Amino acid sequence: MIWLIEIALVLLLVGGSWTLLSRGKRTDQRESLTMRRVDAYIETIRRERTNKDLVAMSDTELRDLLHSGARNLRVASERKGWTLLGAAAVTLFSAIGAASQDGLRGFAIAMVIGAIVTYGLNEFMSRRMREPLEQRGIDIDRLKVE
């Protein structure tokens with residue numbers, strides 16, 4: 001049984017190392033795709049002329065605004081992912097602790113409460129990361145890079 005844990009830890013270490021080593025290439029690709037999306041969105045804003053504040057900006061101002069907004073959205077999305085992962089881990093360990101005291105019923109209750117809290121946290125963080133861009137009338141789905 002211990003050898004399974006050791007193999008899992010070695011695979012986790014190798015996978016984490018590979019992810020860190022290949023991060024730069026993915027970041028460059030994501031950055032170029034973001035800039036293409038920003039340029040396409042600038043053309044759409046100029047063509048549709050629905051938001052007077054955005055239309056009044058120069059291309060440079062608009063590009064800076066959209067690019068920083070996309071970057072902030074990506075950072076907030078990563079932060080949300082790590083926070084939700086932490087909440088899920090706390091839920092699991094709390095449920096294990098409850099199971100040691102109250103059995104399966106305690107485990108189930110702790111998991112349900114943790115799931116509800118994690119869902120609420122997800123919704124709150126999703127709305128909060130979208131809010132600054134939506135206040136300016138920017139369509140967030142046009143800037144997202146998956």
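For the chain, the longest principal axis of the C-alpha atoms and the axis of helix 23-48 are separated by about 40°. Of the two radii for the stretch 1-109, the radius of gyration is 1.24 times the Kirkwood radius, both from the alpha carbons; that is the Rg over Rh value.
Applying the criteria of a DSSP loop state and at most 14 other Cβ atoms within 10 Å to the trypsin sites (Lys or Arg not before Pro) of the stretch 75-140 yields R136.
Projecting the alpha carbon convex hull of the stretch 13-72 along each direction and taking the average yields 4.8 nm². Its Cα gyration tensor gives the stretch 84-146 an equivalent ellipsoid; the semi-axes, largest first and in whole Å, are 36, 10, 7. With helices as the sole contributors, the chain gives -32000 deg cm²/dmol at 222 nm; each DSSP H run of n ≥ 4 counts as -39500 (n - 2.57), and the sum is divided by every residue.
The angle separating the long axis of helix 2-21 from the principal Cα axis of greatest extent in the chain is about 10 degrees. Rolling a 1.4 angstrom probe over the protein chains, ignoring ligands and nucleic acids, what is the accessible area of I116 in square angstrom, nearest 10? Solvent-accessible area, nearest 10 Å²: 110 Å².
The values are calculated or read from the model by the stated rules, or taken from the named source; none is laboratory data. Quick caveat, the model's predicted, so the values are computed rather than measured. Glycine also receives a Cβ, built like all others from the backbone with ideal geometry; neighbour counts cover every protein chain displayed. The protein model used for the area step is the full one, side chains on, heavy atoms only, and it has no ligands, DNA or RNA in it. Shrake-Rupley method; radii C 1.70, N 1.55, O 1.52, S 1.80 Å.
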